[in-house]
Amino acid sequence: MAPRKIIIDTDPGVDDILALLLACAALPSELEVLLISVTYGNIDVQNCLRNVISLFAHVEREIAWRKAQGREPGFATLQTCRPLVAVGPEHPLSDDMLMADFFHGRDGLGDIHDSHPHLSPTDTWAALSAAAAQSADPEQTAIADELVKPDALFTISQNPAHQEILRLLRDNEPDTITIVAIGPLTTLALAAAEDTEAFLRVKEVVVMGGTIFEPGNVRLPPPPPPPQQHHPHPHPQQAANTPEPRFRLIKQPPSTLRSSLNTRNQITPVAEFNTFADTVAAARLYALTSPDPSSTMPPHPPTPTDNPSSAAHPPPYLAPYPPHLTRQLKLLLCPLDITSRHVLTRGQYRAAVTPLLAQGSPLAEWTTAFLTATFAKVELLQTNVSGDAVGLALHDPLCVWYCLTSTPTSTSTTTPSSDSKWTISPDEDIRVETSGQWTRGMCIVDRRSRRRREDDDGGEVAGDTGGWLRGGSGNRVARCVGTPGEGVFGAYLLGRIFGV
Ligand SMILES: [Ca+2]
């Protein structure tokens, strides 16, 4: 069977790295990784990019080590197809929305493009390369080497990630490429806005994001280091100088306004991080699953009243989609409800990797360096679990597992055939809150169990301006509700990545 062609849009990230390793460990008959598009997320895009290059450097060393040991080298799909690596956005679309709901019609929106000094992909690669070359850190030296190597396991793309995605979708037959989205959805929203019809050629978008019935996972970032001097009663003037929170949702030039926007909504108990990080991107993408995308699109910023001609309004990436699209987006959501039930325990990891460490596996050494700290952090955050029982949730890898083991279908349906052991709940009207005071990023579903109204049916109508009960409106998201097994994935992941 032909391999499933995939694009991975990622913000690496510990569980992103495990997801990427799982994809790269596939057989050529299973997956062809066309593109790794790198976005900002919990960390900035530069650091995410560095992590991807570092991954390839370690995989390369691992392959050499396995060959020298007389073992199967693994990572077979990389031997037949070199993935592109492209640079994506540095900040969310929602930046504009947050600005908009404060300014509300005042100017300030027209300057958005100038106030986001974007490095071009070429500049970003050059900056990464220069920083790595000047560092004395061996990890950085490896990255510098990797970037100039003609036989590297990846190819650098000089195109912005969203344009590279569109190019691949145009160059391939419709319904042949699956996009695996395991970071904020900004890149995909940019692609969908730039050429909606080309974007809709995608076979399926598999999204790690959202949470429907489970609590959210947006945590307060670690506190900033303590100040040099102790000020028990800070002067109001000093409050403006308080270090900004880690989620830099607004990257306008420093100001009191930026500070207050960034302080707002640092956490909410009801959102999942990827959705929270760019609610507008998520809402715009989900809207493409609707028979009527306008019914669930987020509002766009108001036109500035004092200078209406200062810029295109709304900016192209926040504009409505063209009317009369030829098809609806096939989007499979893997929310926290399903992903958090799949874990890798410290005990499992230790048992599988300790012998490899002793034998000198470069990959085992690398993953242990960051997983040791991650397991310790998980242990700190949880009650009632310790030692080898501590489990790291495999949110992002689960989406790659789906691509590896669900039976690809020849038709354009999102529902895999029944023998694949994946259970999908089709056509759910899941919407994303983009502007709530306490609920930004929450997934909203209608749990009222009221009768939906078909076009000529007289169900509940009055006041249903959101179209929750109307047949032709709302989203049609497929949701993953069952996998081949909650208890088997950790061992499967280790087996595939480490060949054990
Ligand atoms: Ca991620």
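Filter segment 141-162 for residues that are in a helix (DSSP H, G or I) and free of Cβ contacts under 8 Å to residues at least 40 places away in the same chain; which is surrounded by the fewest Cβ atoms within 10 Å (Cβ to Cβ)? Looking at residues that are in a helix (DSSP H, G or I) and free of Cβ contacts under 8 Å to residues at least 40 places away in the same chain, I get 148. Only one of the listed residues (35, 22, 18) is within 12 Å of the ligand (Cβ to nearest atom), farther than 18 Å from residue 92 by Cβ and under 17 Å from the mean Cα position of the chain (by Cα). That residue is 18.
Taking segment 312-354 as the region of interest, how many residues are over 30 Å from residue 195 (Cβ atoms), in contact (Cβ under 8 Å) with a residue 60 or more places away in the chain and surrounded by fewer than 21 Cβ atoms within 10 Å (Cβ to Cβ)? Number of matching residues: 7. When segment 1-11 is limited to residues that are assigned to a loop (DSSP other than H, G, I, E, B) and in contact (Cβ under 8 Å) with a residue 60 or more places away in the chain, the one that is nearest to the ligand (Cβ to nearest atom) turns out to be 11. Of all residues in segment 392-408, none satisfies being away from the ligand (no atom under 16 Å from the Cβ), closer than 14 Å to residue 490 by Cα and in a helix (DSSP H, G or I).
When residue 51 is tested against (1) within 12 Å of the ligand (Cβ to nearest atom); (2) in contact (Cβ under 8 Å) with a residue 60 or more places away in the chain, only condition (2) is not met. Residue pairs whose Cβ atoms lie under 8 Å apart, sitting 6 or more positions apart in sequence or on different chains, and linking a residue in segment 355-370 that is free of Cβ contacts under 8 Å to residues at least 40 places away in the same chain to a partner that is of a type in the set (D, E, K, R), are 357/365.
Entry remark, segment 114-139: residues being crowded, with 18+ Cβ neighbours inside 10 Å and more than 28 Å from residue 281 (Cα to Cα) number 1 in total.
Look at segment 12-24: where a residue is assigned to a helix (DSSP H, G or I) and of a type in the set (A, V, I, L, M) and a partner is near the ligand (Cβ under 9 Å from one of its atoms) and at pLDDT 95 or above, sitting 6+ places away or on another chain with Cβ atoms under 6 Å, you get 19/182; 19/396.
The values are calculated or read from the model by the stated rules, or taken from the named source; none is laboratory data. These numbers come from a predicted model, not from an experiment. Please note: Cβ atoms are built from the backbone with ideal geometry, for glycine as well, and neighbour counts cover all protein chains shown.
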